[in-house]
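Readers should treat all values here as calculations from the given coordinates under stated rules, not as data from a laboratory. Not measured: the values here are computed from a predicted model. Here the Cβ positions follow ideal geometry from the backbone for every residue, glycine too, while neighbour counts run over all protein chains shown.
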Ligand code: 0A1
Ligand code: ZN
C-alpha cells in the first residue's frame with residue numbers, strides 16, 4: 001500500500017463551485033460484492049463562472065463504467081480520470097451528465113460510503129463519503145434535489161432513502177424496486193440509503209400546524225422490543241423543537257435506523273437518520289441509565305440537525321461548528337428541559353445543574369486537553385489535512401459553549417429572536433459561522449445600542465483555553481468590594497508557529513459571579529440596574545474592574561457560576577473558603593465546583609506524596625467537607641452523587657506540571673477507599689436510602705438514586721469491608737436493571753475478594769453472549785479494570801467475540817484500555833504504548849477514521865513525566881514511520897511529534 005500524501009486545505013482558499021447541480025437522479029442495483037450506481041445530474045454553469053470551467057467531480061475507490069452528456073457517450077478527450085477525481089471539459093452551460101460506476105460494499109471496511117453490516121446495506125456520507133458511492137461535487141455548498149431508485153433481491157425487503165416513498169414495485173426478475181424523492185435540496189453528505197431485512201416500530205403525530213407525520217424506528221428483527229424509548233424520545237424532540245424554537249418537522253415521514261457497525265454516534269441524513277445501535281436499543285435488562293440518557297440526547301441531536309445543519313447547512317467543512325456547536329447546545333438544552341420537567345422550581349434548578357455539571361465534566365476531560373495540545377484548533381479551524389480528524393471535542397463541545405455564551409449574553413428571548421433571524425436570512429442556504437454571529441449580533445446591538453459582537457468573534461478565530469485571573473479588594477470605610485478580572489490566552493498548537501509578534505486578541509467573556517458573606521449568605525449585588533444574587537460581568541478587554549457597594553466585610557467570591565464561559569479561573573481561595581462555598585453556595589453549579597476544587601487539591605497532594613514515597617494521609621478537613629455533602633438533607637440524590645464524585649484522572653492530569661497517571665490513579669483510589677472507611681456509616685445509610693424497588697424507570701429521580709447508591713457501594717467496596725462485598729453480591733444477583741448489575745459487577749471485579757467476582761463475570765458473558773451491546777459492556781468493564789494489564793488486554797483480544805472490524809467492540813476493549821486504564825496503559829516499561837501502536841496500525845488497515853481516533857490517545861505525550869515521555873515518543877515514531885499509513889493517522893501522529 002502506498003502512503004497517502006497529505007495535502008493541507010486552508011479556509012482562506014475557499015472558492016465557490018462553478019456549477020449548480022439542481023437535480024440528481026440516482027439508481028442503485030444493490031448487491032454486496034458489486035453495486036452499480038447510475039447518477040444523472042442536471043448541471044448549470046453559474047453566471048459568473050468562466051465558460052471553460054471544468055466540471056470536477058470527486059470519486060474514491062470507484063470503477064468507472066461510462067460517462068455521458070445529454071444522452072451521448074463523452075469522447076475520451078473530453079474527460080480526465082485520476083485517482084481521486086473525474087474532470088469533464090467543454091460542457092454546454094446546461095447539461096445532463098450521466099455517470100455509471102461500480103463500488104464494492106462488502107469489501108468496504110471503512111464504513112464510509114456504501115457498506116454492508118449484518119448482511120444489510122447502509123451508507124455514511126458525512127463528511128466525504130459520498131465520493132465513494134459515485135463521482136460527485138462532494139462539498140456541502142452544492143445542494144440538489146434527489147430522486148433515488150433502489151433495486152435489490154428479495155432478501156432485502158426494506159429499501160429506504162431520503163424523503164418520501166413515491167413508487168414501489170416488483171421487477172420481472174423477482175427483485176424489488178422502490179423510488180424515493182426528497183423535496184428539499186441538500187448537500188450530498190446528507191444522502192442515505194438502507195437496504196435489508198429490518199423490522200420497525202412507528203407512530204403518527206400531528207405537528208404544531210396540524211400535519212400528520214409518520215415517525216419510524218428500524219432495527220434488526222427481534223430488536224423491536226428495544227426501540228420504544230428511542231421512538232418516545234423522537235416524539236419528545238419533535239415537540240420540544242416546536243415549543244422552544246418554533247421549528248416544525250418539514251417532512252411527512254422521519255425514519256431512524258439502527259446499525260451495529262458505525263464509526264460515530266449517529267448521522268442526521270435528511271429524513272433517514274442512521275444510528276449506531278448503541279444509541280437506539282434499550283430495555284431495562286440490557287441498558288443502563290446512562291444509555292437511556294444517551295439515546296434521548298442523540299435522538300434529539302440528530303432530529304435538531306434537521307433545521308440546524310440540514311435546512312441551513314455549512315458553506316465548507318471549516319464551518320462544521322456552525323451546525324455541530326449549535327446542535328450540541330440544542331441537545332443539551334433539550335436534555336436539561338426533559339430532566340427538569342414536572343419538577344418544582346428548586347428540584348428543576350438542581351436537575352439543570354446536574355446536566356450542566358455532566359456537560360462541563362465532559363468538556364474538561366476531553367476538550368481542555370485538546371486545546372492545550374498539538375491538535376489545538378479554533379472551533380472554526382483554519383486548515384486541515386483530513387476533515388474526519390476535525391469532528392472534535394473543540395468543534396462540538398467548545399462550539400456548544402460558544403453558542404451558550406451567546407445565549408447568556410442575549411438572554412432566552414433574545415437568543416430565540418436571533419435564531420428566528422438566522423432562519424429568516426438563511427433558510428435553504430449553505431452559510432458560515434460568521435453569518436450565524438451576524439444574526440445574533442443584530443439582536444444584541446438592538447438590546448445594547450453601540451455594542452457589538454466583534455470581540456466575541458475571537459472565540460471562532462483563536463484556539464486555547466483562556467485563563468481569567470480574579471482579584472478581589474475590599475474597602476471597609478467605603479463598604480465597597482472591587483472585582484478585577486484579567487484574561488490571558490497563550491498561543492497553542494499551530495499558533496505557536498505564527499510569525500513573531502503574533503499576539504492573541506482578548507475574548508468577550510460573560511463571567512457570572514456571586515458574593516457570599518462569611519456565614520455563606522448571598523450578598524445582593526447591584527449591577528446593570530438590577531439587584532440580584534448573581535451579576536453577569538462582560539469582560540471584553542485584557543482587564544476590567546467592577547465595584548459592588550454596601551458590602552461590610554471581605555466576601556467569599558462564587559466565580560464563573562453555571563460555567564458561564566469555557567475558561568480556567570485563577571483565584572486563590574483558602575480551603576476554608578472552598579468548604580464554605582461547598583456547603584452554602586446558592587448556585588448549585590458553583591457549589592459543586594468548590595467541592596471539586598477541594599478534592600482536586602487533596603488528590604494532587606496525595607499524588608505528590610506518592611511520587612515522593614511518603615505515606616498517604618487524607619486531610620480531616622476534606623473528609624469533613626465530604627461528610628457535610630453526604631448528610632446535607634437539602635440535596636437530591638442525583639446532585640449529591642455529582643457533588644461527591646471524585647474528579648476524573650483526565651481532569652486532574654490537566655492540573656499536573658508533569659502528568660503521572662499511575663500516581664494519580666493510586667492517589668484517587670486511596671482517597672476513594674479512605675472516604676469509604678471514614679464515612680462508612682454515612683455511605684451505608686446512603687446505600688440503604690437510595691434503593692429503587694419496583695419496576696425500572698430511567699427517569700431522572702430514580703436514576704439519580706441509583707447513581708448515589710452505586711457511588712456509595714463503590715466507596716464501601718474500595719474500603720474492603722466484608723459486609724460491602726455481601727451487599728454487592730446481593731445487588732448483582734437480584735438486580736432488576738443493567739445499571740445496578742453493572743455497578744455491582746464493576747465494584748466486585750475491581751475491589752472484591754474470593755471467586756465470586758470472576759465467576760460472576762463469566763456468567764455475565766454466558767447470559768448475554770448474543771447481545772452485542774451488552775458484550776461491549778463486558779469487554780469495557782474488564783479493559784478499564786484495575787487488575788487489567790497489557791497482557792490481559794492482549795488475551796481479551798483473542799476472545800472469539802472480539803473483532804477490530806466492529807468500532808463499538810474496538811472502542812469497548814482497545815479504547816477503554818488505552819484511555820481509561822492508567823496503570824496498564826502507562827506502565828513504565830512502555831508495553832502499553834507498544835500495544836497502542838500495534839492497534840493503531842491494525843485498525844488503520846481497516847478503518848482509518850477509527851484508527852485516527854485511537855492515535856490521539858498519545859497527543860499530549862510531551863506533558864508526561866520524563867520516564868513515560870520517551871517510550872511514548874518511540875511508539876509515536878514507530879507509527880509515523882509505518883509504510884502505507886492513512887492520511888488520517890498521519891496527520892495526528894505528525895502533529896503530535898512536531
Ligand atoms: N453529523 C454527525 C456526526 C457524524 C460525522 C461523521 C460520521 O461518519 C464518519 C458519522 C456521524 C453528528 O453530529 O451526529
Ligand atoms: Zn451533530
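Using Cα pairs under 8 angstrom and six or more residues apart, how large is the relative contact order of the chain, in percent?
Worked out over the chain, it gives 9 percent.
For the range 42-107 and the range 539-607, write down the distance between their C-alpha centroids in whole Å.
So the separation of the two Cα centres works out to 61 Å.
Could you work out the pair-distance distribution P(r) of the range 38-134 from its alpha-carbon pairs, with 5 angstrom bin width and percents rounded to whole numbers?
3, 12, 22, 21, 17, 12, 8, 4, 1, 0
So what's the angle, to the nearest 10 degrees on a 0 to 90 scale, between helix 575-584 and the longest Cα principal axis of the chain?
Between the helix axis and the principal axis of the chain, the angle is about 70 degrees.
Expressed as an acute angle from 0 to 90° and rounded to the nearest 10, what is the orientation of the C-alpha long axis of helix 722-734 relative to the principal long axis of the chain?
30 degrees
What order do you get for 348-357, 441-450 when each peptide is scored by the mean count of other beta carbon atoms within 10 Å, highest first?
The packing order, highest mean first, is 348-357, 441-450.
Taking the Cα centre of each part, how many Å lie between the range 783-851 and the range 693-722?
The distance from the Cα centre of the range 783-851 to that of the range 693-722 comes to 29 Å.
Taking the simple approach of a point 7 Å from Cα along Cα-to-Cβ for both residue 61 and residue 93, what is their distance in nm?
The answer from the label model is 4.1 nm.
Could you state the per residue volume, in Å³, of the convex hull enclosing the Cα atoms of the chain?
It is 177 Å³ per residue.
Given 10 °C and 1.306 mPa s, how large is the Stokes-Einstein diffusion coefficient of the range 142-248 in µm²/s, with Rh as the Kirkwood radius over Cα pairs?
D, rounded to a whole number, is 101 µm²/s.
Multiply the residue separation of residue 898 and residue 771 by 0.36 nm, subtract the distance between their alpha-carbon atoms, and state the gained length in nm to one decimal.
41.4 nm
On full extension of the chain, what length is gained from residue 479 through residue 517, given 0.36 nm per residue of separation minus the C-alpha to C-alpha distance?
In short, 12.4 nm is gained.
Calculate for the chain the 222 nm mean residue ellipticity that helices alone would give, adding -39,500 (n - 2.57) per DSSP H run of length 4 or more and normalising by residue count, nearest 500 deg cm²/dmol.
Calculated from helices alone, the mean residue ellipticity at 222 nm is -12500 deg cm²/dmol.
Share of antiparallel DSSP beta bridges in the chain, in percent to the nearest 5?
80 percent
Cα centroids of the range 313-364 and the range 149-210: how far apart, whole angstrom?
Using only Cα atoms to place each centre, the spacing works out to 32 Å.
In degrees, nearest 10, range 0 to 90: what is the angle between the Cα axis of helix 738-751 and the longest Cα principal axis of the chain?
Value to nearest ten degrees: 60.
What's the ranking of 213-222, 758-767 by average number of surrounding C-beta atoms within 10 Å, highest first?
Most protected by this proxy first, the peptides run 213-222, 758-767.
Could you sort the peptides 266-273, 544-551, 460-467 by per-residue average Cβ neighbour count (10 Å cutoff), highest mean leading?
For the peptides 266-273, 544-551, 460-467, the packing ranking is 266-273, 460-467, 544-551.
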